[in-house]
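Have a look at the structure below before the remarks.
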Amino acid sequence: MLFRSSKNFTVTFSEAGGGGGGDVTNTITFSSGYTWFSLSVIASSNTVSDVFSNPVVNTQILSQTANTKYSSNFFGSSWNNQSFSFDNKNMYISFIPSPSTYVLTVTGSTENEASISLVSGWNWISYPSSTSKAVTALITNQEANDQILSQTANTTYTSNFFGSSWNNPSFTFEPNKGYKYYTVNAKTLIISYS
């Protein structure tokens, strides 16, 4: 299922040292609705309370294995899963209630290369890089029937009598977007930061 949104999704980076070292500030602006996102940095502090400080009431965050919601009641406001945490190798889905927007600013470090381990089946993955890259340039160990979904596009690696290729070769990985990757067999993706 794709969560589609016609709203804007803005990403900015400011680096003090560049990929593979120094501090990097990663800013993502979310409009109301659902957004598939990921972090390009390894957050200095990765708890939901630190990453999403001062959230909008009823904001929800989902990962492949956990979720949390920011609620308010007579006793105060808080995240209902305080142990929810972020890393730069997984995709997350945020829900920002209408008509709100939210600006997420995360400071942390980067790696020259990120290694993402995939299990057979569906994986919610990040794209921890500062530059966009086509699927044909990024994925080099694909197999027939591997599939990749973004919030707005998809591609499948097909193999037949005429050869093997991605059926949407213009599919592009973009910084801070989230992806669902279906792989036939377990494998490792290597993604360079720049």
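Remarks
- Spherically averaged projected area of the range 65-146 from its Cα convex hull (nm²): 8.6
- Residue-normalised accessible area of the chain, given per residue in Å² at a 1.4 Å probe: 48
- Relative contact order, percent, the chain [alpha-carbon distance under 8 Å, six or more residues apart]: 26
- In this structure Asp23 has an accessible area near 90 Å², from a 1.4 Å probe over the protein heavy atoms.
- Under the Karplus curve 6.51 cos²θ - 1.76 cosθ + 1.60, θ = phi - 60°, whole-Hz ³J(HN,Hα) for the range 58-74, x wherever Gly or Pro sits: 6, 5, 10, 10, 10, 10, 5, 10, 8, 8, 7, 9, 8, 10, 10, 8, 4
- Label assignment, Cα extents along the principal axes in Å derived from the structure, set (1) 45, 41, 29; (2) 52, 33, 31; (3) 65, 38, 28: (3)
- Loop-located chymotrypsin sites (Phe, Trp or Tyr not before Pro) in the range 115-180 (DSSP state not H, G, I, E or B) with no more than 11 neighbouring Cβ atoms inside 10 Å: Phe161, Phe162.
- Accessible area of the chain belonging to carbon and sulfur atoms, whole % at 1.4 Å probe: 47
- Modelled label reach - Asn185, point 7 Å along Cα→Cβ, the range 107-144 residues with backbone N closer than 17 Å: 117-122, 140-144
The values are calculated or read from the model by the stated rules, or taken from the named source; none is laboratory data. The model shown is predicted, which means the values in this text are computed figures rather than measured ones. Note that each Cβ is placed from the backbone with ideal geometry, even for glycine, and that neighbours are counted across all protein chains shown. Keep in mind that these areas ignore ligands, DNA and RNA; they rest on the heavy atoms of the full protein, side chains included. Shrake-Rupley method; radii C 1.70, N 1.55, O 1.52, S 1.80 Å.
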